[in-house]
1. Where in the stretch 152-271 are there helices (runs of 4 or more DSSP H), lying fully within it, with 2 or more residues that are surrounded by 21 or more Cβ atoms within 10 Å (Cβ to Cβ)?
2. Which residues, counting only those in the stretch 216-259, are of a type in the set (S, T, N, Q) and without any contact (Cβ under 8 Å) to a residue 60 or more places away in the chain?
3. Please find, within the stretch 307-352, the residue that is least open to solvent (accessible area, probe 1.4 Å) out of those that are assigned to a loop (DSSP other than H, G, I, E, B), among the hydroxyl-bearing types (Ser, Thr, Tyr) and touching a helix residue (DSSP H, G or I) at 6+ places or on another chain (Cβ under 6 Å).
4. Taking the conditions exactly as written (at pLDDT 95 or above, among the polar types (S, T, N, Q), open to solvent by less than 10 Å² (accessible area, probe 1.4 Å) and within 20 Å of the chain's Cα centre (by Cα)), does residue 303 satisfy them or not?
5. Could you list all residues from the stretch 66-114 that are hydroxyl-bearing (Ser, Thr, Tyr), in a loop (DSSP other than H, G, I, E, B) and crowded, with 21+ Cβ neighbours inside 10 Å?
6. Only residues that are surrounded by fewer than 13 Cβ atoms within 10 Å (Cβ to Cβ) and assigned to a loop (DSSP other than H, G, I, E, B): list them for the stretch 125-137, please.
7. Scan 359, 345, 324 and give me the residue that is of a type outside the set (Asp, Glu) and on the phi > 0 side of the Ramachandran plot.
Amino acid sequence: MAKTILNKKSLSFLEEYLNNAAPTGYEWDGQKIWMDYLKPYVDEFITDTYGTAVGVINPDAKYKVVIEGHADEISWYVNYISDNGLIYVVRNGGSDHQIAPSKIVNIHTKKGIVKGVFGWPAIHTRNKAKEEAPKPDNIFIDIGAVDKEEVEKMGVHVGCVITYPDVFHVLNGDKFVCRALDNRMGGFMIAEVARLLKENKKELPFGLYITNSVQEEIGLRGAQMIAERIKPNVAIVTDVTHDTTTPMIEVKKQGKVEIGAGPVVAYAPAVQQKLRDLITDTADAKKIPFQRAALSRATGTDTDAFAYSGSGVASALISLPLRYMHTTVEMVHRDDVENVIKLIYETLLKMKNGDTFSYFD
């Protein structure tokens, strides 16, 4: 395999996919972009009621392997409109209230996008002795309306979803920066695995289910639903994890992970050890750099949903190191992106049809 595996077409897809808004519960436009890119590399698609999309290779095979990412991004909902036309919000997922002041937003309405800003009192007007920090109950959006009636005439109502418009760019040649890298990068990377399998004419001895789940940000809900439908034998999940080398992070507590040092292989009860060993042995054999992370009781990712579905699914987690999670400037290293893709691809090629990963064989 070529050292650099991302090409102009894949990077163009990544930019389009990231720049599209796909908040939790409203993922379908992003899923259509993803499916359109994936279509040449799979045999068929599965979709479900809530919007999870699955591209399938070898759909008639009895043994089923899932590779998975999640499609949704964090956002806000309109919660209350004041008499003077200001909008108060509640979270849709783990949106960070501290980054909100001075951010531009898109409010999604039936009439189209309404632009607004998260306002904040000027520094000159604030009490320096009792400085109030941004909190979920004091941040607000200003759309330039004079009162509640004007807000509603613009199509904004309680329940409208709100996203940030920040778009994809590259820093210093190899750092990808955007909102929603968590976890649009997962969907991108598993799509690239499918592309490589097709372009390299690799035949798998099992069914491969390239799964882009919805609603991870509010509790792994999409993965729970699709796991019950697919009933896979194996699941390899990819998500993002924290680069812990930036300021104000306690490395002794969070563990040492950094962008550019390779994919992160998880150690946790939900991670099936023999499957994880296959992944790390593959990394060693193919000289793919990787890092390790211990995740205690739960991974907090769709791995948990797959692992504990049905009568239990052999599951593993390969994470992409990321800086500034749940902000609009999430950052990953291109080398890590390519190495996650390589690691999943090479692991699939080593996987055997019918392998139970049992400790008792």
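1. Values: elements: 181-199, 221-230, 251-254.
Because the criterion is at least 2 residues that are surrounded by 21 or more Cβ atoms within 10 Å (Cβ to Cβ), the helices (runs of 4 or more DSSP H) in the stretch 152-271 that meet it are 181-199, 221-230.
2. 244, 245, 254
3. Within the stretch 307-352, the subset assigned to a loop (DSSP other than H, G, I, E, B) is 308-313, 324-329, 351-352.
Remaining after also requiring among the hydroxyl-bearing types (Ser, Thr, Tyr): 308-309, 311, 324, 327-328.
Then drop every residue that is not touching a helix residue (DSSP H, G or I) at 6+ places or on another chain (Cβ under 6 Å), which leaves 309, 327.
Details: 309: 9, 327: 27 Å².
Selected residue: 309.
4. So residue 303 passes the test.
5. Hit for the stretch 66-114 is 95, nothing else.
6. 126, 127, 131, 132, 133, 135, 137
7. Selected residue: 324, the only one of 359, 345, 324 that is of a type outside the set (Asp, Glu) and on the phi > 0 side of the Ramachandran plot.
The values are calculated or read from the model by the stated rules, or taken from the named source; none is laboratory data. This one's a predicted model, so the numbers in the text were calculated from it and none came from an experiment. All Cβ positions, glycine included, derive from the backbone under ideal geometry; neighbour counts span all protein chains shown. Protein only, heavy atoms only, side chains kept; ligands, DNA and RNA dropped before computing areas. Shrake-Rupley method; radii C 1.70, N 1.55, O 1.52, S 1.80 Å.
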